[in-house]
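First the structure, in the form of structure tokens, and then the observations on it.
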């Protein structure tokens, strides 16, 4: 297959490109800058210059291939509403190019904020269409006949070189001189290694089912307090519970996410795609690569 990958030079997208190429696929990777284009080319893929706001470029990329994997996202959480609007518009633009073709598009969503069944977020639990619109946009495409499905990422997609939530938590600990968690810190986040996520994207585009939801979950729930305790121990910083305004000041924009208790499973995803996570867990990865 020839696959169009948005976010192809990013932390998750680049791993997905490598996974696709290793499996024998051809890849066109969206690149918003010369530097990104070089990264994509160095991976062995063809670079297509443009951003997720360039709808004509997105349609061009989608129309030239056998499938689409959308991993790009505007990662400015101080402008989260804008990021979600951009994401929705990009998904809809690529979907237009895929109507009537039978070609799959794999959209990226998130686990945080999902409703739960028996205490865990499962593939049966549909995401609300606010604040992030990606899942609703993908399902709307599927209802109109596009072979759209969604990979819902754990809040921690970890690995060497990550620049997401966990590095921010570590950075705030260093900046503020304390490794913190909110309230009792017993709230849990699922986690997945980026190479396991990359394999999931490949299997989804190869075997995906229209309208399917796939949970990118390897570890079902790691307590935020455990992340803070490991950070404090490694950096020789005090570990402290915060609440209210103190927590908001410490975590800044991340305060809207850090308190979520969102354990999740991926049993159905593993069954449908024959996918099995195999890489190291978050805490072990932190010890090896994050400090």
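Taking residue 45, is it farther than 21 Å from residue 216 by Cα, without any contact (Cβ under 8 Å) to a residue 24 or more places away in the chain, touching a strand residue (DSSP E or B) at 6+ places or on another chain (Cβ under 8 Å) and crowded, with 23+ Cβ neighbours inside 10 Å? Judged against the criteria, residue 45 is not a match.
Each residue in the stretch 177-195 was checked for being part of a helix (DSSP H, G or I) and surrounded by fewer than 23 Cβ atoms within 10 Å (Cβ to Cβ), and 1 of them qualify. Of the residues making up the stretch 24-49, those that are part of a loop (DSSP other than H, G, I, E, B) and in contact with a helix residue (DSSP H, G or I) (Cβ under 6 Å, 6 or more places away or on another chain) are 44, 45. Here residue 59 passes the criteria (1) over 25 Å from residue 216 (Cβ atoms); (2) surrounded by fewer than 16 Cβ atoms within 10 Å (Cβ to Cβ) except the one numbered (2). Residues in the stretch 129-139 that are modelled with pLDDT of 85 or more and out of contact with any helix residue (DSSP H, G or I) (no Cβ under 6 Å at 6 or more places or on another chain): 135, 136, 138, 139. Listed by position, the strands (runs of 3 or more DSSP E) inside the stretch 201-291 whose residues that are surrounded by fewer than 20 Cβ atoms within 10 Å (Cβ to Cβ) number at least 1 are 219-223, 239-242. Specify the residue that is modelled with the highest pLDDT; the eligible residues are those in the stretch 67-89 that are surrounded by 15 or more Cβ atoms within 10 Å (Cβ to Cβ), under 17 Å from residue 141 (Cα atoms) and out of contact with any helix residue (DSSP H, G or I) (no Cβ under 6 Å at 6 or more places or on another chain). That would be 70.
The values are calculated or read from the model by the stated rules, or taken from the named source; none is laboratory data. Treat the numbers as computed from the prediction; the structure is a model and nothing was measured. Backbone-built Cβ (ideal geometry, glycine too); neighbour counts: all protein chains shown.
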